[in-house]
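Contents: one structure, followed by commentary.
The values are calculated or read from the model by the stated rules, or taken from the named source; none is laboratory data. What you are looking at is a predicted structure, and each value in this text was computed from that prediction instead of being measured. A quick note on method: Cβ atoms are made from the backbone with ideal geometry, for glycine too, and the neighbour counts reach across all protein chains shown.
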Amino acid sequence: MSDALRPWPDTVDWHPVSAKLTTLKRLQLLGNLIIPAAATAAVWFVWHWGWVFLIFGVIAAGVLIRVGTVGRSVRSWGYAEREQDLLVRHGLVRRHLSIVPYARMQFVDVSAGPLERMFGLATVQLHTAAAASDARVPGLDPAEAARLRDRLTTLGEIGKEGL
């Protein structure tokens with residue numbers, strides 16, 4: 001029996017993303033704390049407003065809670081290659097399952113920003129005619145990202161031949 005609240009099927013072989021993505025996301029979150037910390041210090045040194053530390057504390061607590069949940073969030077990412085489509089899942093509280101038919105893909109993009117390259121990671125982005133149906137798979141080893149890109153491109157071309 002299918003459960004509507006459990007969006008990803010257990011009958012497929014899910015491939016996880018790299019655990020290195022957890023460290024990358026944590027560093028990005030902590031980096032986002034630098035600007036509020038600098039602003040808090042500047043306001044305190046200029047005007048000596050003690051309550052700015054309360055605001056910074058709330059921001060810092062939120063960031064630190066998010067840093068603690070990043071591992072579970074990254075482990076929720078996965079993808080599965082099926083015969084006719086690609087499934088991409090993610091999310092802890094609000095779960096997302098994208099099903100992209102190979103024949104509907106227009107192009108597949110592999111990207112890696114400076115931090116991703118530093119951690120040896122890449123992101124595969126699938127583009128379709130409907131912008132809402134685009135899916136991405138972050139945190140892949142570059143070799144796996146290239147393999148997935150090539151496979152999806154080949155399957156997309158084969159699927160379009162039947163149209």
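Scanning segment 11-22 for residues that are assigned to a helix (DSSP H, G or I) and either touching a helix residue (DSSP H, G or I) at 6+ places or on another chain (Cβ under 6 Å) or of a type in the set (A, V, I, L, M) (or both) yields 21, 22.
Summed over segment 23-38, the residues that are touching a residue at least 24 places away in the same chain (Cβ under 8 Å) and part of a helix (DSSP H, G or I) give a count of 10.
Would you call residue 65 surrounded by fewer than 18 Cβ atoms within 10 Å (Cβ to Cβ) and over 27 Å from residue 10 (Cα atoms)? Taking the combined requirement at face value, the residue satisfies it.
The numbered conditions (1) within 21 Å of residue 25 (Cβ to Cβ); (2) among the hydrophobic types (A, V, I, L, M, F, W, C); (3) over 17 Å from the mean Cα position of the chain (by Cα) are all true for residue 52 except (1).
No other residue among 89, 95, 104 is touching a Ser or Thr at 6+ places or on another chain (Cβ under 6 Å) and modelled with pLDDT of 80 or more apart from 104.
Can you tell me which residue among 97, 115 is surrounded by 13 or more Cβ atoms within 10 Å (Cβ to Cβ) and assigned to a helix (DSSP H, G or I)?
115
If only residues of segment 40-79 that are at pLDDT 80 or above and aromatic (Phe, Trp, Tyr) are counted, the one that is nearest to residue 149 (Cα to Cα) is 79. Does segment 116-135 contain at least one residue that is in the same structural domain as residue 33 (by TED's automatic domain parsing) and within 19 Å of residue 21 (Cα to Cα)? No: zero hits.
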